[in-house]
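Novice: Got a structure for you, questions after.
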Amino acid sequence: MTVLVTGSAGKIGQSLARTLPPLGWQLRGFDRDRSPSGIEQLQGEITDPGALDEAMAGVRAVVHLAGQAVEAPWPVIREANLEGTFQVFEAARRAGVRRLVYASSNHATGFTPRPADGCELPADTPPRPDTLYGVSKAFGEALARYYVDRYGMQVACLRIGTFADTPPDARSQATWLSPDDCARLVDACLRTARLGFAIVWGVSANSDRWWSADAGAALGYRPLDDAGRHRADQPPAGTPRPSDRLVGGAFTEASFGIDEVAGREPG
Ligand code: 15L
């Protein structure tokens, strides 16, 4: 059964192209760029309904990763993450594809205070975006809810933490999502018989995690990696900053305001 992966040339897309086929999934990639992965690939824009109709043919489920993955000027966010995500949901609906895994982000909740030691935030923590990027992810979650309620789709929204081969900094002791756990999470979302609408933290089994594992466990996600095992390899934590007290970390700082980001090249 074929699963369409949008954003297949991106960091997570290329990783899933390696990790999902051994778990039994046949992938078709869709991206504006080509990537070196060995899966079938179609090139196109996620804002192009015709290209998406072609990509959805014969597909059983969609993993929607494509879009702008960090803060950027509003026109970039609007085009990629609002228009693009809408067109992907619409194309899935037209094609009768019922299941979709949506790459949301922890930055949909970035201004939420980090919980006290030993406490965890539930997966359905209300949106409190730290950037326009975070706002666009909250939009995607609302769109998902709408397609579930109106059209009976089954959608898992993954509030992804820090996806990386190894945890890159002190914050990611809590927020790291390893490539193998990412595959386990997407695999669980594709397989579960219990999916209606779900929001799940995309995080590994980190000893210092702030995020509850319950919603993921309900879908059958069993993470195995722990950022704590890499603690010794990390650079020492810098001077504490006020933004350390918030889920979104640096994204909550003044340098991520609309005026500050307006002239920046999209990352
Ligand atoms: C994200 O949503 C970003 O795509 C990624 O670049 C990281 O900033 C990550 O969140 C994070 O919070 O570490």
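The values are calculated or read from the model by the stated rules, or taken from the named source; none is laboratory data. Since the model is a prediction, treat every value here as computed from it, not as a measurement. All Cβ positions, even for glycine, are placed from backbone atoms using ideal geometry, and neighbour counts span all protein chains on display.
Novice: Could you please find all residues in region 121-142 being more than 12 Å from VAL247 (Cα to Cα) and of a type in the set (S, T, N, Q)?
Specialist: THR131, SER136
Novice: Turning to a different aspect of this structure: Looking at (1) without any contact (Cβ under 8 Å) to a residue 60 or more places away in the chain; (2) assigned to a loop (DSSP other than H, G, I, E, B); (3) over 18 Å from the mean Cα position of the chain (by Cα), which is the one condition that is false for ARG222?
Specialist: (3)
Novice: Hey, another quick one. What number of residues within region 70-101 are within 13 Å of the ligand (Cβ to nearest atom) and surrounded by 22 or more Cβ atoms within 10 Å (Cβ to Cβ)?
Specialist: 5
Rundown of residues vs (1) under 26 Å from GLU45 (Cα atoms); (2) out of contact with any Lys or Arg (no Cβ under 9 Å at 6 or more places or on another chain), yes/no style:
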{"residue": "VAL101", "(1), (2)": "yes, yes"}
{"residue": "SER104", "(1), (2)": "yes, no"}
{"residue": "HIS107", "(1), (2)": "yes, no"}
{"residue": "THR125", "(1), (2)": "no, no"}
{"residue": "LEU143", "(1), (2)": "yes, yes"}
{"residue": "GLN154", "(1), (2)": "yes, no"}
{"residue": "THR166", "(1), (2)": "no, yes"}
{"residue": "ARG171", "(1), (2)": "no, yes"}
{"residue": "THR192", "(1), (2)": "no, yes"}
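Novice: Taking VAL203 and the conditions (1) over 15 Å from ARG222 (Cα atoms); (2) touching a helix residue (DSSP H, G or I) at 6+ places or on another chain (Cβ under 7 Å); (3) within 16 Å of the ligand (Cβ to nearest atom), which numbered condition does it fall short on, given that it satisfies the others?
Specialist: (1)
Novice: Which ones in region 164-195 are out of contact with any helix residue (DSSP H, G or I) (no Cβ under 6 Å at 6 or more places or on another chain), within 27 Å of ALA227 (Cα to Cα), of a type outside the set (A, V, I, L, M, F, W, C) and away from the ligand (no atom under 12 Å from the Cβ)?
Specialist: Result: ASP165, SER178, ASP180, ASP181, ARG184, ARG191, THR192.
Novice: Give region 148-190 a look and list any residue that's among the β-branched types (Val, Ile, Thr) and farther than 17 Å from GLY248 by Cβ, or say none.
Specialist: Across region 148-190, the qualifying residues are VAL148, VAL155, THR166, VAL186.
Novice: In the list VAL70, VAL76, VAL101, which residue meets the criterion of being under 17 Å from MET153 (Cβ atoms) and at pLDDT 95 or above?
Specialist: After ruling out the rest, the residue left standing is VAL101.
Novice: Sort out which residues of region 141-163 are more than 16 Å from the ligand (Cβ to nearest atom) and of a type in the set (A, V, I, L, M), and write them in order of number.
Specialist: ALA142, LEU143, ALA144, VAL148, MET153, VAL155, ALA156
Novice: Right, another one. In contact with a helix residue (DSSP H, G or I) (Cβ under 6 Å, 6 or more places away or on another chain), within 15 Å of the ligand (Cβ to nearest atom) and modelled with pLDDT of 95 or more: does that describe PRO127?
Specialist: yes
Novice: Another one. When the residues of region 225-236 are filtered to those that are part of a loop (DSSP other than H, G, I, E, B) and at pLDDT below 95, which remaining residue is surrounded by the fewest Cβ atoms within 10 Å (Cβ to Cβ)?
Specialist: Result: PRO236.
Novice: For region 45-52, state whether one or more residues are more than 16 Å from the ligand (Cβ to nearest atom), surrounded by fewer than 16 Cβ atoms within 10 Å (Cβ to Cβ) and without any contact (Cβ under 8 Å) to a residue 12 or more places away in the chain.
Specialist: The answer is yes, given that some residue of region 45-52 is more than 16 Å from the ligand (Cβ to nearest atom), surrounded by fewer than 16 Cβ atoms within 10 Å (Cβ to Cβ) and without any contact (Cβ under 8 Å) to a residue 12 or more places away in the chain.
Novice: Residue by residue through region 131-174, note down the ones that are among the β-branched types (Val, Ile, Thr) and within 12 Å of the chain's Cα centre (by Cα).
Specialist: Those that are among the β-branched types (Val, Ile, Thr) and within 12 Å of the chain's Cα centre (by Cα): ILE160, THR162.
Novice: How about region 188-219: which of its residues are within 14 Å of ALA156 (Cβ to Cβ) and either without any contact (Cβ under 8 Å) to a residue 24 or more places away in the chain or in a strand (DSSP E or B) (or both)?
Specialist: The answer is ALA193, PHE197, ALA198, ILE199, VAL200, TRP201, GLY202, ALA217.
Novice: Please state which of the following conditions TRP25 fails to meet, knowing it meets all the rest: (1) surrounded by fewer than 20 Cβ atoms within 10 Å (Cβ to Cβ); (2) touching a residue at least 60 places away in the same chain (Cβ under 8 Å).
Specialist: The number of the failed condition is (1).
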